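Beneath this line is the structure, given in C-alpha cells, with notes to follow.
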Amino acid sequence: MPKKRQNRGRHKGAKGRTRLIQCDNCGKLVPEDKAICVTRMYSPVDPQLARELEKKGAIIMRYPVTKCYCINCAIHYGLVKIRSREERKPKPKIEL
C-alpha cells in the first residue's frame, strides 16, 4: 500500500512511540507529535476596558494559553488547510 506522506503526518522521526494527549475540543487521544498546538495570548480583562486602562498607564497582564487539537478539529477551525498534491512540499530532486 503506498504512503501518502513521507513523514506519515507526524513530526516524530526515529523517536519511537510518543505520549498521547487529548484534543482540547473533542477529547480524542492524539500522539503528541501529530497534534496541532496553538499558543495564543489570553487576558482576563475585557478588551475595551483594557484599552482604556492602558491609555491611563496601567499594565494589563496577558497569559500564554496553549491548546492542542486533533487534525479533524484543526481543519474545522481553519488552523490547517487541505492542500492538493501540487501545493504540498515538493521532494528535492537529486541529479546525477
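All of the numbers you see were taken from the coordinates with simple rules; none came from a lab. Predicted, not measured: the structure shown is a model, and the values here were computed from it. Here the Cβ positions follow ideal geometry from the backbone for every residue, glycine too, while neighbour counts run over all protein chains shown.
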### Query
Within region 28-42, can you find the residues that are within 22 Å of I82 (Cα to Cα) and either under 12 Å from the mean Cα position of the chain (by Cα) or not in a strand (DSSP E or B) (or both)?
K28, E32, D33, K34, A35, I36, C37, V38, T39
### Task
Confirm whether D24 is surrounded by 13 or more Cβ atoms within 10 Å (Cβ to Cβ), of a type in the set (D, E) and over 30 Å from K91 (Cβ atoms).
yes
### Message
So I71 ticks every box in (1) of a type in the set (V, I, T); (2) surrounded by 10 or more Cβ atoms within 10 Å (Cβ to Cβ); (3) over 18 Å from the mean Cα position of the chain (by Cα) but one. Which box is left unticked?
### Response
(3)
### Query
For V45, all conditions in the list (1) surrounded by 13 or more Cβ atoms within 10 Å (Cβ to Cβ); (2) aliphatic (A, V, I, L, M); (3) not in a loop (DSSP other than H, G, I, E, B) hold save one; what is the number of the exception?
(3)
### Message
For G9, only one of the following conditions fails: (1) among the small types (G, A, S); (2) without any contact (Cβ under 8 Å) to a residue 60 or more places away in the chain; (3) surrounded by 10 or more Cβ atoms within 10 Å (Cβ to Cβ). What is its number?
### Response
(2)
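Among the residues of region 41-96, write down those that are under 29 Å from G27 (Cα atoms) and of a type in the set (S, T, N, Q). Please lay out each step first, then the result.
If we filter region 41-96 for residues that are under 29 Å from G27 (Cα atoms), which is where we start, we get 41-46, 62-84, 88.
Listed by number, the residues that qualify are S43, T66, N72, S84.
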### Query
Of the numbered conditions (1) surrounded by fewer than 14 Cβ atoms within 10 Å (Cβ to Cβ); (2) touching a helix residue (DSSP H, G or I) at 6+ places or on another chain (Cβ under 8 Å); (3) closer than 30 Å to K91 by Cα, I60 satisfies every one except a single condition; which is it?
(3)
